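See structure below.
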Amino acid sequence: MFKRLLLTGAAGNLGKVMRDRLAPFAEVLRLSDVKPFGQPRPNEEHVVCDLGDRAAVHDLLKGVDAVVHLGGISVETPFAPILNANIVGVHNLYEAARQHGVRRIVFASSNHVIGFYKQTETIDTEAPMRPDTMYGVSKAFGELLSRFYFDRYGIETVCLRIGSAYSEPLDRRMMSTFLSFDDLTELVRCGLFTKNVGHSVVYGVSDNKASWWDNTKASHLGFVPKDSSEPFRAKVEAAPPIEKDDAMAVFQGGRFVNCGPFES
Ligand code: NAI
Ligand code: 15L
């Protein structure tokens, strides 16, 4: 159990899910987001701040033992917000972690760091990155930055290349990329509590029948998904089929490969 655990992105879709689930892991859960997210519950601290604000992020990390970093831009957008939250913001977070002696960060990366692989390929955690968007590039930056902060300063990070974390798969592609909330929770637990993770990368995906991602090289984390997209197959396949040359059916990143470019 941590004395104080920081969850960023607390107002977001996954932040709202993880708020309850992280509570048992720490005496105090510090929650943060650029948007407000309601009243503090017992054993919670709330900090509203922008990840791009270096001084605010420095203060945010004070007294923290470990971080679950979900905050940031989570889709393709103009470059300016991505730069602010996912590049400057992640740098601010790691610098503050270094200055305050934080030893462990679980970083929400994304499958979009490898989105240009085809759905016919199976890749492991050491496959060269092939980001599909500037969003994916920014997550690749976060993975590399965290590698640097481990090699240089010994801050351990587990990078979760999350597939599609929803209550259920929403389309045919998500039959392969689906990550249930229970499996996400278990993945975060492994990321926080497994000893000697160094710098690790793992795909955040449930035990789906058709998977493109091989977590063998992350087996030291002990992550064993329990759920699967299979119970949702009939519902998903009731929707009209997609053309076989649609990016949704060709690339691991689906339609992200065609997003943008956006004006900054
Ligand atoms: P979300 O967009 O719902 O939540 C992200 C939160 O970050 C938002 O509440 C937003 O206000 C906050 N944020 C954005 N810019 C900020 C800034 N400059 N300063 C402080 N906070 C800022 O995203 P979601 O779905 O909850 O995802 C959480 C994390 O997991 C994100 O980093 C996302 O990239 C990653 N992820 C999520 C996947 C999913 O299936 N939900 C798949 C792959 C990765
Ligand atoms: C992501 O990285 C996004 O944050 C999320 O909105 C989903 O689109 C997910 O990937 C996905 O690939 O399904």
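The values are calculated or read from the model by the stated rules, or taken from the named source; none is laboratory data. Worth saying up front: this structure is predicted, and the values here are computed from it rather than measured. A quick note on method: Cβ atoms are made from the backbone with ideal geometry, for glycine too, and the neighbour counts reach across all protein chains shown. Surface accessibility is based on the protein's heavy atoms, side chains included, excluding ligands, DNA and RNA. Shrake-Rupley method; radii C 1.70, N 1.55, O 1.52, S 1.80 Å.
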| said: From the phi angles alone, apply the Karplus equation (6.51, -1.76, 1.60; θ = phi - 60°) to region 91-96 and give each ³J(HN,Hα) in whole Hz, x where the residue is Gly or Pro. | reply: 4, 4, 4, 5, 5, 5
| Amide proton proximity set for residue 2, modelled H, under 5 Å, gap of 5+ | 26, 27
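Where both residues lie in region 2-258, what percent of DSSP beta bridges are antiparallel, nearest 5? Numbers along the way, then the final one.
Values: 1 of 37 bridges.
Around 5 percent of the beta bridges assigned by DSSP in region 2-258 are antiparallel ones.
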| task | Could you grab the relative contact order for region 2-258? Cα pairs under 8 Å, six or more apart, rounded to a whole percent. | result | 17
| For residue 162, which sequence-distant residues (separation of 5 or more, or a different chain) have an amide H within less than 5 Å of its own amide H, given hydrogens modelled in the peptide plane? | 109, 110, 111, 204
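Figure the gain on full extension for residue 99 and residue 245 (residue separation times 0.36 nm, minus the Cα-Cα span) and round it to one decimal in nm.
47.6 nm
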| query | Given a 1.4 Å probe and the protein chains all in place, what does the accessible area of residue 98 round to, in Å² to the nearest 10? | reply | 90
| request: Enumerate the calculated ³J(HN,Hα) couplings along region 127-138 in order (Karplus 6.51 cos²θ - 1.76 cosθ + 1.60, θ = phi - 60°), each rounded to whole Hz, writing x wherever the residue is Gly or Pro. | output: 4, x, 5, 9, x, 9, 7, 5, 4, x, 4, 5
| note | Links exceeding 25 Å between C-alpha atoms in this model, out of 16/226; 62/195; 209/235; 118/195; 209/244; 35/62, come to 118/195
| What ranking do 213-222, 80-89 get when scored by the average of other Cβ atoms within 10 Å per residue, highest first? | 80-89, 213-222
| said: Spelling out what I want: for every residue of region 39-48, take phi, set θ = phi - 60°, compute 6.51 cos²θ - 1.76 cosθ + 1.60 (Karplus), and round to whole Hz; glycine and proline get x. | reply: 7, x, 8, x, 6, 10, 10, 10, 9, 9
| query | Under a 5 Å amide H to amide H cut-off, with H placed in plane at 1.01 Å, what residues pair with residue 124 once short-range neighbours are removed? | reply | 214
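What part of the accessible area of region 2-258, given as a whole %, is carbon or sulfur when the probe is 1.4 angstrom?
Within region 2-258, the accessible surface is 54 percent carbon and sulfur.
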| For region 133-264: relative contact order, % (alpha-carbon pairs under 8 angstrom, 6 or more apart) | 25
| task | Just round it to a whole percent: the fraction of Cα-Cα distances in the chain exceeding 35 Å. | result | 12
